[in-house]
1. Can you tell me which residues in the stretch 142-162 are surrounded by fewer than 18 Cβ atoms within 10 Å (Cβ to Cβ) and over 30 Å from residue 9 (Cα atoms)?
2. Taking the stretch 151-186, which residues are more than 13 Å from the chain's Cα centre (by Cα), more than 19 Å from residue 132 (Cα to Cα), touching a residue at least 24 places away in the same chain (Cβ under 8 Å) and in a helix (DSSP H, G or I)?
3. Check whether at least one residue in the stretch 73-80 is surrounded by fewer than 19 Cβ atoms within 10 Å (Cβ to Cβ) and either over 16 Å from the mean Cα position of the chain (by Cα) or in contact (Cβ under 8 Å) with a residue 60 or more places away in the chain (or both), and report yes or no.
4. Take the stretch 187-210 and flag every residue that is part of a helix (DSSP H, G or I), touching a residue at least 24 places away in the same chain (Cβ under 8 Å) and under 16 Å from the mean Cα position of the chain (by Cα).
5. What residue, of 119, 131, is touching a helix residue (DSSP H, G or I) at 6+ places or on another chain (Cβ under 9 Å) and exposed (fewer than 12 other Cβ atoms within 10 Å of the Cβ)?
6. Exactly one of these conditions fails for residue 127: (1) assigned to a helix (DSSP H, G or I); (2) farther than 18 Å from residue 17 by Cβ; (3) assigned by TED's automatic domain parsing to the domain that holds residue 181. Give me its number.
7. Report, ordered by the first and then the second residue, all pairs with beta carbons closer than 7 Å, sequence separation of six or more or different chains, a first member in the stretch 90-102 that is within 16 Å of residue 76 (Cα to Cα), and a second member that is at pLDDT 95 or above and not in a loop (DSSP other than H, G, I, E, B).
């Protein structure tokens, strides 16, 4: 099997690198990591664009394939290393699989104000004492509405079994939890259950030591 390598950000703060690494870990695959400092130097960015089409991090390298965009990476891993030989990343049920993709698209294309006011540095690093702006409050309310509709009290996954969308939704909730913003207890429990998964713990173990 061709070697797997993942180019990730050197700060370990990217939610999209988080997604890709959790996917690799959940598949129980052997891979190497190459860290890239932001902003990416122009010469390195040009090289990455030449190989992966888009000079964005994360980038998965598998043989001759260089692939960027976190969703494309997890989809590729799911199809290249399918169940039952490897653990699933996406639900087996077609409708649940579509819903998982919907959730992952939602946290990437919506919630812009929330991401601005509650960056992942407050999840993986030190939280900043800053009140939510009006637009971020609307994003937070919508995130909680969506999460409440998907996660029943007492459940640790959206569907019958864990999927990669759970990691993405939990990270979005952790933006609020990490700053002690109001979040229903069952959603806190859900997010913390994701944080207790081996894949997430292995990601967190790489985080720089806080000063």
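1. 145, 148, 149, 152, 153, 154, 155, 160, listed by residue number.
2. 186
3. Within the stretch 73-80 (the criterion being surrounded by fewer than 19 Cβ atoms within 10 Å (Cβ to Cβ) and either over 16 Å from the mean Cα position of the chain (by Cα) or in contact (Cβ under 8 Å) with a residue 60 or more places away in the chain (or both)), the answer is yes, since at least one residue qualifies.
4. So in the stretch 187-210, the residues part of a helix (DSSP H, G or I) come out as 187-195, 198-204.
Going one step further and asking which of them are touching a residue at least 24 places away in the same chain (Cβ under 8 Å), we end up with 187, 189-190, 193-195, 198-200, 202-204.
Matches in the stretch 187-210: 190, 193, 194, 195, 198, 199, 200, 202, 203, 204.
5. Matching residue, one of 119, 131: 131.
6. Of everything listed in (1) assigned to a helix (DSSP H, G or I); (2) farther than 18 Å from residue 17 by Cβ; (3) assigned by TED's automatic domain parsing to the domain that holds residue 181, residue 127 misses just condition (1).
7. Cβ pairs passing all conditions: 90/78; 90/97; 90/100; 90/164; 91/97; 91/100; 100/165.
To keep it simple, each residue is scored yes or no on (1) surrounded by 14 or more Cβ atoms within 10 Å (Cβ to Cβ); (2) touching a strand residue (DSSP E or B) at 6+ places or on another chain (Cβ under 7 Å).
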{"position": "22", "(1), (2)": "yes, no"}
{"position": "31", "(1), (2)": "yes, yes"}
{"position": "34", "(1), (2)": "no, yes"}
{"position": "39", "(1), (2)": "no, no"}
{"position": "42", "(1), (2)": "no, no"}
{"position": "45", "(1), (2)": "yes, no"}
{"position": "48", "(1), (2)": "yes, yes"}
{"position": "59", "(1), (2)": "yes, yes"}
{"position": "62", "(1), (2)": "yes, yes"}
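The values are calculated or read from the model by the stated rules, or taken from the named source; none is laboratory data. Predicted, not measured: the structure shown is a model, and the values here were computed from it. Here the Cβ is made from the backbone with ideal geometry for all residues, glycine too, and neighbour counts use every protein chain on show.
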